[in-house]
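A.B. asks: To start, I am sharing the structure in question, which I have written as structure tokens.
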Amino acid sequence: MSYRSWTLKHAKKHEIIVQKLKNRTVDEIIEYFLYDNMIINEPEFCPLYKQKKKCHDMEDLNCYLCACPNFRFKDEVGFKEVNGKKLLSFCSINSKKGSVFKTEDAIHQDCSNCTIPHKDKYIKKHFNLDWKLIMKDIEKEN
Ligand code: SF4
């Protein structure tokens, strides 16, 4: 599955959950997306839930902004070539906690040590009921 297809599918799942919560306040909606609640009430939202794993080892991990709106990815063609390798993904805010990993022919963004999009404060700052619009707004900003 391409990253684009995945994001479209994920956006749909996000939309269905948000629809269900439409009578709640913004704070309550954000709270609903806490990992500890999602793993029980929305087991299909993330494949890691069934394995009882977290993408990041942090307390109060929040899943509202998964996938990170600062993550840029271009399937196969990539953005440009860097030292003979295709740059397939990068962080648009160049987070200090982000890094890269390289394969024989490609460079990928590595977000495993970055928790920015999983924090309440960041989610509140960029909150929109429509996850796709958050992605678009942040893309414009960066
Ligand atoms: S490094 Fe952090 S801010 Fe950048 S794309 Fe990855 S998770 Fe998002």
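The values are calculated or read from the model by the stated rules, or taken from the named source; none is laboratory data. Because the structure is a prediction, the values reported are computed rather than measured. Note: ideal-geometry Cβ built from the backbone for every residue, glycine included; neighbour counts use all protein chains shown. To get the accessible areas, we keep the full protein, side chains included, count just its heavy atoms, and leave off ligands, DNA and RNA. Shrake-Rupley method; radii C 1.70, N 1.55, O 1.52, S 1.80 Å.
A.B. asks: Check off (1) away from the ligand (no atom under 16 Å from the Cβ); (2) open to solvent by 50 Å² or more (accessible area, probe 1.4 Å) for I93 and give me the number that stays unchecked.
C.D. replies: Against the list (1) away from the ligand (no atom under 16 Å from the Cβ); (2) open to solvent by 50 Å² or more (accessible area, probe 1.4 Å), I93 comes up short only on (1).
A.B. asks: Still on this structure: When you go through I134, I107 one by one, which is the residue that is surrounded by 13 or more Cβ atoms within 10 Å (Cβ to Cβ), among the β-branched types (V, I, T) and under 17 Å from V26 (Cβ atoms)?
C.D. replies: Being surrounded by 13 or more Cβ atoms within 10 Å (Cβ to Cβ), among the β-branched types (V, I, T) and under 17 Å from V26 (Cβ atoms) holds for just one of I134, I107, which is I134.
A.B. asks: Out of the residues in the stretch 76-90 meeting the condition of being within 23 Å of I138 (Cα to Cα) and either within 14 Å of the chain's Cα centre (by Cα) or of a type in the set (S, T, N, Q) (or both), tell me which one is least open to solvent (accessible area, probe 1.4 Å).
C.D. replies: Selected residue: S89.
A.B. asks: Mind telling me which of the residues I39, I29 ends up being over 23 Å from D110 (Cβ atoms), in contact (Cβ under 8 Å) with a residue 12 or more places away in the chain and open to solvent by 20 Å² or more (accessible area, probe 1.4 Å)?
C.D. replies: Within the list I39, I29, the selection yields I39.
A.B. asks: Okay, moving on. Any idea which of (1) loosely packed, with under 15 Cβ neighbours inside 10 Å; (2) more than 16 Å from the ligand (Cβ to nearest atom); (3) among the charged types (D, E, K, R) is the one D57 doesn't satisfy?
C.D. replies: (2)
A.B. asks: For the stretch 122-135, which residues satisfy the criterion of being in a helix (DSSP H, G or I) and more than 13 Å from the chain's Cα centre (by Cα)?
C.D. replies: K124, K125, L133
A.B. asks: Name the residues in the stretch 110-119 that are near the ligand (Cβ under 9 Å from one of its atoms) and open to solvent by 80 Å² or more (accessible area, probe 1.4 Å), would you?
C.D. replies: N113
Here's the yes/no breakdown for (1) of a type outside the set (A, V, I, L, M); (2) assigned to a helix (DSSP H, G or I); (3) farther than 16 Å from A67 by Cβ; (4) under 14 Å from the mean Cα position of the chain (by Cα):
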site	(1), (2), (3), (4)
K9	yes, yes, no, yes
Q19	yes, yes, yes, no
D27	yes, yes, yes, no
M38	no, yes, no, no
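A.B. asks: Do we have H126 as open to solvent by less than 90 Å² (accessible area, probe 1.4 Å) and touching a Leu at 6+ places or on another chain (Cβ under 6 Å) here? Before you say what the answer is, go through the steps one by one.
C.D. replies: Details: open to solvent by less than 90 Å² (accessible area, probe 1.4 Å): yes; touching a Leu at 6+ places or on another chain (Cβ under 6 Å): no.
No: the conditions fail for H126.
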